[in-house]
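Asker: Could you have a look at this structure, given as structure tokens, before my questions?
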Amino acid sequence: MNSDSEVELLCTPPEIRQAANDTIQNLLPEKSQNKYKTVYKNFQDWCSNKNIKSFTENVLLAYFSELSTKYKPSSLWTFYSMLRSTLDLNNSINIENYSKLRAFLKRQSEKHVAKKAKTFTPEQLNNFINEAPDEKYLATKVALIMGIMGACRAAELHSMQITDLEDHGSIFMVNVPNTKTKIARKFTVTGNFYTIVKKYLNLRPTDISQTIFFLKFQNGKYHSHRIGINKFGAMGKDIATFLKLPDCNLYTGHCFRRSSATLLVDAGGDITALKRHGGWRSTTVAEGYIDNSEKNKADTANKIYSSITPQPVSTSTKYMQQTETETINLQNSAPHIQFNGCSNFTVNFINK
């Protein structure tokens, strides 16, 4: 504890300190407050065991160096972000100015190749939706449809309410009000997807008072218990297993969201449409969700090839060009008709 903090502790009444502390805790993200507090406490315990009473850059470097032997770089950045907030709120220390610490974390990231969730192709999605039996997989199909059409996270599917769906006859308008980035989104469900979601709703017993949209559905029957968030995380693996795809474990809870982003871009969507679709603020983060699909590779190759190699003109194209040329020539030599009075007229051919 620094001298300024000691002076403040002595001069501030206990009830004022408590009120200030309660206010500080409310500044942390509501959903993950406990995680922030745990990370902060772990750091405090480490400092206590090492008999450390200051939070200098060297102290933070030693701490994260030790953590790097146990955790992957993505986790280190998470701990850094949480400590940055909690140390600033509780100790008025801004570790964002610790350039050596940030350099260390970046170096750790350079050595690590992250494994991203695999994505589904349009053919694989069609096969599952058309071939998987509804008695067992209807809820999974609906979750897949929502995840793909709305780029939904597992937590967003888990918290979805019946009131989030607006039925417009042949279209569902779906609201996603509570998101990780605080950006509310909307998306639509149409066509055969609408029919599948409608079937899932129609089978729902009228005596269930639950407003949660996703309830357990097994052996063709509803249960009053909601589907757990971990089940949503495992649905990608379940689909991959049904389709007998390799590396089923890589179809994690993020595969719906990544598949959605990839499908949109492969269909011609630009980065603005992608960020709006997934609710991403950062272009870099949004681009990280796009899988380098076979279609994307083929489209890129075709564009490069077409710019280098002259494309042959087909017979039908040549015929159309010849017809257009003959039409133009005929128009240029067409007769100009001039009326002279009511009954006589002359015809003059004008060459243009």
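The values are calculated or read from the model by the stated rules, or taken from the named source; none is laboratory data. Note that the structure is a prediction, hence the values are computed from the model and not measured. Neighbour counts are summed over all protein chains in view; Cβ atoms, including those assigned to glycine, are modelled from backbone coordinates with ideal geometry.
Asker: From the list 187, 193, which one is in a helix (DSSP H, G or I) and assigned by TED's automatic domain parsing to the domain that holds residue 273?
Answerer: 193
Asker: Now for a separate question. Here are some conditions: (1) modelled with pLDDT under 65; (2) surrounded by 10 or more Cβ atoms within 10 Å (Cβ to Cβ); (3) not β-branched (Val, Ile, Thr). Residue 314 meets all but one. Which one does it not meet?
Answerer: (2)
Asker: If residue 241 satisfies all but one of (1) among the hydroxyl-bearing types (Ser, Thr, Tyr); (2) closer than 18 Å to residue 156 by Cα; (3) more than 11 Å from the chain's Cα centre (by Cα), what's the number of the condition it fails?
Answerer: With (1) among the hydroxyl-bearing types (Ser, Thr, Tyr); (2) closer than 18 Å to residue 156 by Cα; (3) more than 11 Å from the chain's Cα centre (by Cα) applied to residue 241, the lone miss is (2).
Asker: OK, next. Of all residues in the stretch 153-183, which are in contact (Cβ under 8 Å) with a residue 40 or more places away in the chain, among the polar types (S, T, N, Q) and exposed (fewer than 14 other Cβ atoms within 10 Å of the Cβ)?
Answerer: Passing the criteria: 163, 181.
Asker: Do we find that residue 231 is in a strand (DSSP E or B) and assigned by TED's automatic domain parsing to the domain that holds residue 141 in this structure?
Answerer: Spelling it out, it is not the case that residue 231 is in a strand (DSSP E or B) and assigned by TED's automatic domain parsing to the domain that holds residue 141.
Asker: Residues of the stretch 116-143 being among the polar types (S, T, N, Q) and in a loop (DSSP other than H, G, I, E, B), which ones?
Answerer: Scanning the stretch 116-143 gives 119, 121.
Asker: Further question: Taking only the stretch 240-272 into account, find how many residues are modelled with pLDDT of 90 or more and small (Gly, Ala, Ser).
Answerer: The qualifying residues number 4.
Asker: Can you tell me how many residues within the stretch 264-285 are among the small types (Gly, Ala, Ser), under 19 Å from residue 175 (Cα atoms) and either in contact (Cβ under 8 Å) with a residue 12 or more places away in the chain or outside any helix (DSSP H, G or I) (or both)?
Answerer: So the answer is 2.
Asker: When you go through 211, 206, 195, 190 one by one, which is the residue that is in contact with a helix residue (DSSP H, G or I) (Cβ under 7 Å, 6 or more places away or on another chain) and either surrounded by fewer than 17 Cβ atoms within 10 Å (Cβ to Cβ) or modelled with pLDDT of 90 or more (or both)?
Answerer: It is 211.
Asker: Could you grab me the full set of residues in the stretch 40-64 that are in a helix (DSSP H, G or I), among the hydrophobic types (A, V, I, L, M, F, W, C) and more than 16 Å from residue 76 (Cα to Cα)?
Answerer: The one that is in a helix (DSSP H, G or I), among the hydrophobic types (A, V, I, L, M, F, W, C) and more than 16 Å from residue 76 (Cα to Cα): 47.
Asker: Mind listing just one residue for me: the one in the stretch 71-104 that is within 20 Å of residue 37 (Cα to Cα) and not in a helix (DSSP H, G or I) and, of those, nearest to the chain's Cα centre (by Cα)?
Answerer: 71
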